[in-house]
Amino acid sequence: MNILITGARSNIGYNLGKSLALRGHIVYAGCKTLKEKKALEEKINAEKIIMFPIVLNLLDNEFNIIDELDIDCLILHASIGNGGSILEISNDRFNEVIDVNIKGNFRLLQKYLRYCYYHKRRGKVFITSSLAVFYSLPYLSTYTSSKLYLYHLASTLRLELLYQGLDVSISLILPGAYYTGFNDLMIDNKSKDEYIVKDKAMSMTKYQKIMFSLLEEIDYSDLVKEVVRQIEKDKPKFIISRPVSQKIFTKLYVLIKTFIV
């Protein structure tokens, strides 16, 4: 199977691509820049893996690479996490999240769907959202809102493709809190010169770091294994979520919140 995965430079994205490559799939690992591509090439060579890094910037609206690679499965994993309060976040950092997480993912997805349509072929799409979309997380709303968009995009797309008769399966990956450094970076990257209520922002940063340190799981191999298993199935399930404990807690949280509100 020819598989294209974005955001494959490190952590979950890299290990997902690696696992698929070790199982004999042809994996194209998307990186944002040429520098990241070279670093990934060195890592792949050191681990003696057959995987093909490519530069794929989600800010590029052309995505001609879809026509060149004959992709059977598209995994939209890349995203940007910018923290900041709604009161204070700058236009530049807000737009960066929207341009990559929403617009970029949408355009790449659309390009792949059109490729499948015009070539009359089957396809698979896996979209990485987050369990965080079900929670109200102060100072992280830009990121969680973009992931909520992807959640609804996938849900709606399934109905559209069924109606249109296009044989492309849609699956939604909902990771819980894993320790990859992404959450810390998102919490920390609020530019200090934007602070209007600086003391509140610093206090929230400390609180969130404690919260995530208690929630985050180190080992995300269970998530990778389940995604690989679903990719290789003829009819993948719609929602893939790990760790199981956080998935169950989220369901209970949503249920209780529904009754209270």
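The magnitude of the dipole of the range 1-72, with charges of +1 and -1 set on the Cβ of Lys/Arg and Asp/Glu and taken from the Cα centre, is near 460 debye. The dipole here belongs to the chain: it is taken about the Cα centre, uses +1 on the Cβ of Lys and Arg and -1 on the Cβ of Asp and Glu, and is about 560 debye.
Measuring against 23 Å, Cα to Cα, the residue pairs K120/K233; K32/K147; K103/K206; K147/K237; K43/K103; K225/K247 contain K103/K206; K43/K103 as the ones spanning a longer distance. Under 5 Å from the amide H of N189 lie the amide H atoms of G83, each residue being 5 or more positions distant or on a separate chain, with H modelled from the backbone and absent for Pro and chain starts. Loop-located trypsin sites (Lys or Arg not before Pro) in the range 38-97 (DSSP state not H, G, I, E or B) with no more than 16 neighbouring Cβ atoms inside 10 Å: K48. Listed by chain and number, the lysines placed with their C-alpha closer than 17 angstrom to that of K37 are K18, K48; residues fewer than eight positions away on the same chain are left out. With contacts taken as Cα pairs under 8 Å and at least 6 residues apart, the chain reaches a relative contact order of 19 percent. Counting 0.36 nm for each residue step from L87 to D167 and taking away their Cα separation leaves a gain of 24.4 nm. Residues whose amide H lies under 5 Å from that of R242, counting only those 5 or more places away or on a different chain, are L174, G176; hydrogens are built 1.01 Å from N in the peptide plane. Return the whole-Å distance between the Cα centroid of the range 146-173 and the Cα centroid of the range 215-261. Distance between centres, Cα-based: 17 Å. Rolling a 1.4 Å probe over the heavy atoms of the protein chains gives the chain an accessible area of 53 Å² per residue. Each of N82, I50, N64 was scored by the projection of its Cα onto the charge dipole of the chain, and the greatest displacement toward the positive side belongs to I50; charges sit on the C-beta of Lys, Arg, Asp and Glu. Computed 3J(HN,Hα) for the range 104-110, one whole-Hz value per residue from the Karplus formula 6.51 cos²θ - 1.76 cosθ + 1.60 where θ = phi - 60°, is x, 4, 5, 5, 5, 4, 4, glycine and proline marked x.
What's the FRET efficiency of T258 with I50 using the Cβ-Cβ distance as r and R₀ = 51 Å, to the nearest 0.05? The value I calculate is 0.60.
Residues whose amide H comes within less than 5 Å of that of V168, counting only those at least five positions distant or on another chain, are G123 (H built at 1.01 Å from N in the peptide plane). Taking the helices alone, the chain has a mean residue ellipticity at 222 nm of -15500 deg cm²/dmol, built from -39,500 (n - 2.57) per DSSP H run of at least 4 residues and averaged over all its residues. Sequentially through the range 235-245, phi angles give Karplus couplings (6.51, -1.76, 1.60; θ = phi - 60°) of 10, x, 6, 6, 10, 10, 9, 8, x, 4, 4 Hz, Gly and Pro residues having no value and appearing as x.
Qualifying trypsin sites (Lys or Arg not before Pro) in the range 212-246, where qualification requires a DSSP coil assignment and no more than 14 other C-beta atoms within 10 Å, comprise K233, K237.
Shown here for the range 50-88: GluC sites (Glu not before Pro) in loop regions (DSSP other than H, G, I, E, B) with at most 15 other Cβ atoms within 10 Å, namely E62. Listed by chain and number, the lysines placed with their C-alpha closer than 16 angstrom to that of K200 are K190, K192, K209; residues fewer than eight positions away on the same chain are left out. Overall, the anisotropy analysis places the chain in the prolate class: the square-rooted eigenvalues a ≥ b ≥ c of its C-alpha gyration tensor yield a/c not less than 1.5, with a/b exceeding b/c. For the range 42-54, the Karplus equation 6.51 cos²θ - 1.76 cosθ + 1.60, evaluated at θ = phi - 60°, returns couplings of 5, 5, 5, 5, 5, 8, 6, 10, 8, 9, 10, x, 9 Hz by residue, with Gly and Pro reported as x.
The values are calculated or read from the model by the stated rules, or taken from the named source; none is laboratory data. Nothing here was measured: the structure is a model prediction, and the numbers come from that model. When we count neighbours, we look across all protein chains shown, and the Cβ atoms used for this are built from the backbone with ideal geometry, even at glycine. Ligands, DNA and RNA are stripped out before the accessible areas are found, and what is left, the full protein with its side chains, is counted by its heavy atoms. Shrake-Rupley method; radii C 1.70, N 1.55, O 1.52, S 1.80 Å.
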